[in-house]
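Taking it in order: structure first as structure tokens, then the write-up.
The values are calculated or read from the model by the stated rules, or taken from the named source; none is laboratory data. Source: prediction; values computed, not measured. Ideal geometry is used to build each Cβ from the backbone, glycine not excepted, and the neighbour counts take in all protein chains shown.
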């Protein structure tokens with residue numbers, strides 16, 4: 001479903017993605033972890049071309065994302081992206097935030113889009129907040145609205161860039177719960193996160209990155225209990241000690 | 001000093017002042033409207049990324065910002081006739097004000113647009129919205145709040161700038177003061193009255209600017 | 001015909017340079033005076049004396065609410081009625097001083113007010129007097145906030161010197177104005193004037209942009 005073939009990316013002299021080869025199958029839940037600067041956020045940002053790549057190919061649903069002739073709009077319709085800082089539009093209500101893309105990109109009628117939007121809000125447990133502005137919502141609530149916004153386009157793939165890192169500890173749980181329930185629905189998910197509890201619960205595979213390279217991959221049990229590389233073992237011990 | 005202040009003379013000349021005030025209003029309004037249009041077009045060219053649009057506009061803005069308005073006014077007033085273009089002074093003045101404020105407005109709008117958080121734009125991109133849709137739904141509504149106060153500031157500057165048109169014989173407020181001074185030689189009564197009228201306009205516009213500052217700003221909530 | 005006028009322009013170019021020199025003199029002296037007075041007023045304005053703040057506030061409102069050309073007329077035509085008769089050059093300096101100090105006062109006051117209260121508190125806890133706190137702790141930090149808009153204001157003041165041409169000071173704009181009577185090529189004459197202004201303003205604008213970027217880091 002998603003394939004990286006020999007992908008390389010530089011920020012100036014910094015080699016942020018180093019010869020990445022990766023295959024993600026349909027319905028798979030992939031967790032990507034690693035120290036800061038390892039390139040994990042950059043990796044998923046390249047999937048929907050928020051970042052360009054200098055060499056190699058990324059194929060999503062048989063379409064080559066970074067090909068200049070690619071229909072980026074069509075590709076992005078099938079991918080939902082959740083940001084660390086949520087990035088809800090502050091001048092629109094939760095409902096309007098969710099309806100914006102379905103109405104203007106998929107050209108769905110306003111009435112139908114509203115139905116879908118309310119459905120998704122219910123899905124994330126926030127149906128009573130439909131008319132609230134982002135400024136009136138807590139961080140956890142905003143992130144859940146952001147997830148509803150992503151789901152409203154009925155994407156086959158959902159990408160999460162450290163979705164809980166900007167949240168106060170007591171709100172992390174409500175967002176992770178939503179993500180866990182999504183995982184059981186068969187959506188392909190790529191999640192960059194430090195939340196290892198989440199990984200152990202629902203991930204099909206864990207990817208460990210450092211300095212732009214994929215160092216190790218494996219099932220959660222294999223990865224956490226028997227890491228094959230020293231660097232991975234070192235990383236795991238550091239995050240598990242708090 | 002104030003004991004000799006002749007209020008009666010001021011009432012006698014009031015029609016002249018009010019006529020000048022009327023022209024100041026009209027010129028300011030027309031010039032501001034035209035400057036807004038100029039500024040929007042210039043800004044659109046500036047951020048377009050197309051080199052043949054971008055560079056001439058940058059040159060235009062830098063020339064306007066580096067030369068005095070009075071020189072720009074004289075350039076048009078003395079220069080247009082040499083090209084065979086005969087334009088009444090009031091229109092020459094409006095064109096000069098339009099070009100001058102237009103450049104500053106272009107920069108104000110540009111600053112407003114760049115103030116919208118990059119993350120918002122990425123969120124829009126990720127849902128498949130194209131450039132125009134992002135502009136229309138995400139960027140412009142938020143840029144508005146940041147843009148209106150400085151625009152009102154520029155409006156205040158523009159009203160004061162209209163006073164320079166008195167030097168090319170346009171019958172606006174300052175010229176009324178000059179006329180009264182040349183007829184009666186009572187500069188105190190003439191120019192203090194003129195100053196008073198300008199202060200009134202200033203306080204109104206300033207109140208509007210302060211009010212809009214509070215009302216129109218949307219910030220991302222974390 | 002144009003070639004004839006162009007050659008005449010070249011002939012009297014030194015006249016333009018003299019005008020540029022006069023502009024520089026007016027601008028330079030005004031900037032120094034305005035900066036000194038502006039800083040003092042700004043420090044008082046950001047202080048605690050309500051009456052002084054109000055007086056300065058009224059003065060600033062007047063300077064910012066009326067056109068500069070009107071202020072020049074007031075200094076040149078009305079001050080004599082109140083006992084202060086000045087020639088054109090000193091009158092121009094006085095008018096620039098009144099106007100420029102008001103704007104610089106506001107820039108300085110904003111800069112000082114931008115420094116968090118905590119700095120005042122920690123300075124006073126070490127026993128420094130109010131004046132010492134201002135001079136040694138607050139003002140140095142506020143310079144970062146003050147300098148970029150200050151340089152921008154200098155550019156505006158240099159351009160405002162063109163308005164003193166109305167009371168007969170033979171600076172660059174007035175040179176253009178008297179020249180265009182004898183060499184009726186308005187475009188050439190004022191294009192030349194514009195280029196000369198550009199040559200002194202544009203470097204300052206670049207400096208101001210550079211300083212703004214440095215400050216944002």
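Odds and ends about this structure:
- Filter result (under 21 Å from residue A:23 (Cα atoms) and touching a residue at least 40 places away in the same chain (Cβ under 8 Å)) within segment A:214-237: A:214, A:215, A:220
- Checklist (1) in a loop (DSSP other than H, G, I, E, B); (2) at pLDDT below 90; (3) surrounded by 18 or more Cβ atoms within 10 Å (Cβ to Cβ) applied to residue A:194, failing item: (3)
- The sole residue among B:129, B:140, B:151 that is closer than 30 Å to residue A:96 by Cα, buried (at least 19 other Cβ atoms within 10 Å of the Cβ), at pLDDT below 95 and within 12 Å of another protein chain (Cβ to nearest Cβ) is B:129.
- Subset of segment B:157-185 (residues that are surrounded by fewer than 21 Cβ atoms within 10 Å (Cβ to Cβ) and in contact with a helix residue (DSSP H, G or I) (Cβ under 6 Å, 6 or more places away or on another chain)): B:168, B:169, B:171, B:181
- Residue ranges of helices (runs of 4 or more DSSP H) in segment A:12-106 with at least 3 members under 19 Å from residue B:139 (Cβ atoms): A:72-77, A:94-104
- Between B:82, B:67, B:38, the distinction of being closer than 27 Å to residue C:154 by Cα and without any contact (Cβ under 8 Å) to a residue 60 or more places away in the chain belongs to B:67 only.
- Summed over segment B:173-204, the residues that are more than 10 Å from chain C (Cβ to nearest Cβ) and either under 13 Å from residue B:25 (Cβ atoms) or touching a residue at least 60 places away in the same chain (Cβ under 8 Å) (or both) give a count of 7.
- Any hit, segment C:173-181, residues being more than 8 Å from every other protein chain (Cβ to nearest Cβ) and surrounded by fewer than 18 Cβ atoms within 10 Å (Cβ to Cβ): yes
- Of all residues in segment B:5-22, those that are in a loop (DSSP other than H, G, I, E, B) have Cβ atoms under 6 Å from Cβ atoms of residues that are surrounded by 12 or more Cβ atoms within 10 Å (Cβ to Cβ), 6 or more apart or on another chain, in B:6/B:189.
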